[in-house]
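Here's the structure, in structure tokens; my notes come after.
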Amino acid sequence: MKKLLVVLMLCYGGFVFGQMQSEISLKLCLDCSEQNYPLAKQTKLLQAVNELKQEIIETAFLPQFMLNAQVSYQSEVTNLPIQLPNINIPQTSKDWYKLNVDISQLIYDGGALKQQQKLEKSQMDIEVKSIEIELYKVKEMVQSAYFNYLLLQENKQSILLLQNELNEKLKSIESAVKNGVMQSSSRDNLKAELIKIKQHIYELDLGLESTIKSLNVLTGMQITRDQNFILPQTQDELTIKNNRPEMKYFDLQKSKIELMKEMTDLRRKPKIMGFGQAGYGRPGLNMLSNDFEPYFMIGARLNWNIFDWKKTKKEIRSFEIQSQIIENNKKSFNTNLEVLLNKKQTEIQRLKNLIKSDKEIVDLKKNVAKAASSQFENGIITATEYLLEKNAETKAVLNLHLHKVQLRYAQINYEYTIGNLN
């Protein structure tokens, strides 16, 4: 409960609180998206509906009261086809009046109502799990946006470092041009490159703003560019256990099928009802009396479907086939998941190897760029040649940083795919 309150405060604390939150983590974004997404609120609604359905079913165990009133006129009534001397045989009126209360009470139903309650609960669990699956897809969008922001940020930081270095280099070149030591074309080449860098930075800023907006929509937060996005920590050892919500969804579907099979059997069991009737009318229970009289009746009733033309067997067989279909869907899902996980494992290994070689390339490119800088300042090479080497160094550094972020993303995405994204 405390954890939920903290998450709600972080997600919905308002703009001021959002500004105070200097660091943004992937876990915070995932938690907030789970609370913010409209479908998440449906779980409580489903639980409320289930509680009402359970209460409705329980009312079947309570006595049922029915008030009935009837007025009728009929063409014939009961008459005794005899005449006895000195005895007046009453004639029943053709207009009848009845007002009565019928009472019924379930005594025994073989457990059918209890089974119905289990079925309703099972259906709710399936619908809740379905919502969890949808929310899991939302989390995938959140992690994609989060890492896209990190990748754009790394890209921009590398470009900014290059921009700063070229600006410093431009200052020294302008001094050399003024003193006639260097041609103005070298200065102009550097200025043109700096303009290209500004264009690139502008495009990166647009991408960062767009990603921030997507995250805010998904999480309900008020994240700004001033806040620091933390690179999530990961473990090199990959999870093996499959915790995908779809697996539980399949199991819940099969459990419901089993409950329905049991329900089919229970429907054929005998049912015993107690009943009673109390009323006032003409005629009463004495059909020969023409007076308004009170009356009552109590008893018990047995209902038992002893022969259903093999309907129950066919329904059970139908449920067994449905269960097989669900099991086949589960196996297909597992097969596709295994293929996908193998691809992601290969991608993780590929990125690890790239990072290892990236480090060697960065060291080499730095040495080349350092030598090119010295040669450029001494007029041995042109500005174009220097920029080629400097851009190659920047690209090598950028590749290293991007591959590191991509590796974290691949590892976390693997955990998501196998069902361990919390």
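Confirm whether L52 is part of a helix (DSSP H, G or I), under 60 Å from the mean Cα position of the chain (by Cα) and free of Cβ contacts under 8 Å to residues at least 60 places away in the same chain.
For L52, the condition - part of a helix (DSSP H, G or I), under 60 Å from the mean Cα position of the chain (by Cα) and free of Cβ contacts under 8 Å to residues at least 60 places away in the same chain - is met.
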**OP:** Among the candidates L5, L30, L46, single out the residue that is out of contact with any Gly (no Cβ under 9 Å at 6 or more places or on another chain), open to solvent by less than 70 Å² (accessible area, probe 1.4 Å) and either closer than 30 Å to N228 by Cβ or at pLDDT below 90 (or both).
**Re:** L30
**OP:** Consider K356 carefully, then state whether it is over 30 Å from the mean Cα position of the chain (by Cα), exposed (fewer than 13 other Cβ atoms within 10 Å of the Cβ), modelled with pLDDT under 95 and part of a helix (DSSP H, G or I).
**Re:** no
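Here is a yes/no grid of residues against (1) open to solvent by 60 Å² or more (accessible area, probe 1.4 Å); (2) closer than 30 Å to S144 by Cβ; (3) modelled with pLDDT of 90 or more:
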{"site": "I361", "(1), (2), (3)": "yes, yes, yes"}
{"site": "L364", "(1), (2), (3)": "yes, no, yes"}
{"site": "N367", "(1), (2), (3)": "yes, no, yes"}
{"site": "I380", "(1), (2), (3)": "yes, no, no"}
{"site": "K395", "(1), (2), (3)": "yes, yes, yes"}
{"site": "N420", "(1), (2), (3)": "no, yes, no"}
Original post:
In this structure, does R187 turn out to be charged (D, E, K, R) and part of a loop (DSSP other than H, G, I, E, B)?
Top reply: no
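In the range 359-412, which residues are charged (D, E, K, R) and within 51 Å of the chain's Cα centre (by Cα)? Steps first, answer last, please.
First, pick out the residues of the range 359-412 that are charged (D, E, K, R): 359-360, 363, 365-366, 370, 377, 385, 389-390, 393, 395, 404, 408.
Within the range 359-412, K359, E360, D363, K365, K366, E389, K390, E393, K395, K404, R408 meet the criteria.
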Original post:
Checking P245 against (1) surrounded by 15 or more Cβ atoms within 10 Å (Cβ to Cβ); (2) in contact with a strand residue (DSSP E or B) (Cβ under 6 Å, 6 or more places away or on another chain), which test does it fail?
Top reply: (2)
Original post:
When the residues of the range 51-104 are filtered to those that are closer than 29 Å to G276 by Cα and of a type in the set (D, E), which remaining residue is surrounded by the fewest Cβ atoms within 10 Å (Cβ to Cβ)?
Top reply: E76
Original post:
How many of the residues in the range 206-249 are farther than 19 Å from Y409 by Cα, of a type in the set (A, V, I, L, M) and under 24 Å from the mean Cα position of the chain (by Cα)?
Top reply: 4
Original post:
Does Y280 satisfy being of a type in the set (F, W, Y), in a strand (DSSP E or B) and touching a residue at least 12 places away in the same chain (Cβ under 8 Å)?
Top reply: yes
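Counting only residues that are within 49 Å of the chain's Cα centre (by Cα) and aromatic (F, W, Y), which one in the range 274-311 is farthest from A69 (Cα to Cα)? Spell out how you get there, then give the answer.
Here is the first cut: in the range 274-311, the ones within 49 Å of the chain's Cα centre (by Cα) are 274-275, 301-311.
Next, from what is left, pick out any that are aromatic (F, W, Y): 275, 304, 307, 309.
Values: F275: 18, W304: 30, F307: 36, W309: 39 Å.
The qualifying residue farthest from A69 (Cα to Cα) is W309.
Could you identify the single residue in L302, L288, L238 that is exposed (fewer than 14 other Cβ atoms within 10 Å of the Cβ), outside any helix (DSSP H, G or I) and in contact (Cβ under 8 Å) with a residue 40 or more places away in the chain?
Values: L302 fails: in contact (Cβ under 8 Å) with a residue 40 or more places away in the chain; L238 fails: exposed (fewer than 14 other Cβ atoms within 10 Å of the Cβ).
Residue meeting the stated conditions: L288.
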Original post:
When the range 212-227 is examined, which residues are found to be open to solvent by 50 Å² or more (accessible area, probe 1.4 Å) and either modelled with pLDDT of 95 or more or in a helix (DSSP H, G or I) (or both)?
Top reply: K213, S214, V217
Original post:
Is there a residue in the range 83-97 that is assigned to a helix (DSSP H, G or I) and either within 41 Å of the chain's Cα centre (by Cα) or touching a residue at least 40 places away in the same chain (Cβ under 8 Å) (or both)?
Top reply: no
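For (1) in contact with a strand residue (DSSP E or B) (Cβ under 8 Å, 6 or more places away or on another chain); (2) farther than 28 Å from N391 by Cα, each residue gets a yes or a no:
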{"position": "M141", "(1), (2)": "no, yes"}
{"position": "V181", "(1), (2)": "no, no"}
{"position": "R225", "(1), (2)": "no, no"}
{"position": "N228", "(1), (2)": "yes, no"}
Original post:
So K344 clears everything in (1) closer than 30 Å to I133 by Cβ; (2) outside any helix (DSSP H, G or I) except one condition, right? Which one?
Top reply: (2)
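Just wondering, is there one or more residues in the range 197-211 that are open to solvent by less than 30 Å² (accessible area, probe 1.4 Å), closer than 26 Å to N378 by Cβ and not basic (K, R)?
So in the range 197-211, the residues open to solvent by less than 30 Å² (accessible area, probe 1.4 Å) come out as 197, 201, 204, 207-208, 211.
Now restrict to residues that are closer than 26 Å to N378 by Cβ: 197.
Checking which are not basic (K, R) leaves us with 197.
Checked against the condition, which is being open to solvent by less than 30 Å² (accessible area, probe 1.4 Å), closer than 26 Å to N378 by Cβ and not basic (K, R), the range 197-211 yields at least one hit.
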**OP:** Identify all residues within the range 173-186 that are open to solvent by 60 Å² or more (accessible area, probe 1.4 Å) and in contact (Cβ under 8 Å) with a residue 40 or more places away in the chain; write none if there are none.
**Re:** V181
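Please determine, by comparing only the residues of the range 8-27 that are aromatic (F, W, Y) and surrounded by 13 or more Cβ atoms within 10 Å (Cβ to Cβ), which one is modelled with the highest pLDDT. Walk me through how you get there before you give the answer.
Residues of the range 8-27 aromatic (F, W, Y): 12, 15, 17.
With the extra rule that they be surrounded by 13 or more Cβ atoms within 10 Å (Cβ to Cβ), the set shrinks to 12, 17.
Values: Y12: 53, F17: 44.
So the residue we want is Y12.
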Original post:
Among (1) within 15 Å of T211 (Cβ to Cβ); (2) of a type outside the set (D, E, K, R); (3) touching a residue at least 12 places away in the same chain (Cβ under 8 Å), which single condition is Y136 missing?
Top reply: (1)
Original post:
What is the number of the single condition among (1) without any contact (Cβ under 8 Å) to a residue 60 or more places away in the chain; (2) among the aliphatic types (A, V, I, L, M); (3) surrounded by fewer than 12 Cβ atoms within 10 Å (Cβ to Cβ) that I316 does not meet?
Top reply: (3)
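The values are calculated or read from the model by the stated rules, or taken from the named source; none is laboratory data. Here the structure is a predicted model, which means the values were calculated and not measured. Every residue, glycine among them, receives a Cβ derived from its backbone with ideal geometry; neighbour counts consider all protein chains shown. These area figures cover heavy atoms from the full protein model, side chains too; ligands, DNA and RNA do not enter into them. Shrake-Rupley method; radii C 1.70, N 1.55, O 1.52, S 1.80 Å.
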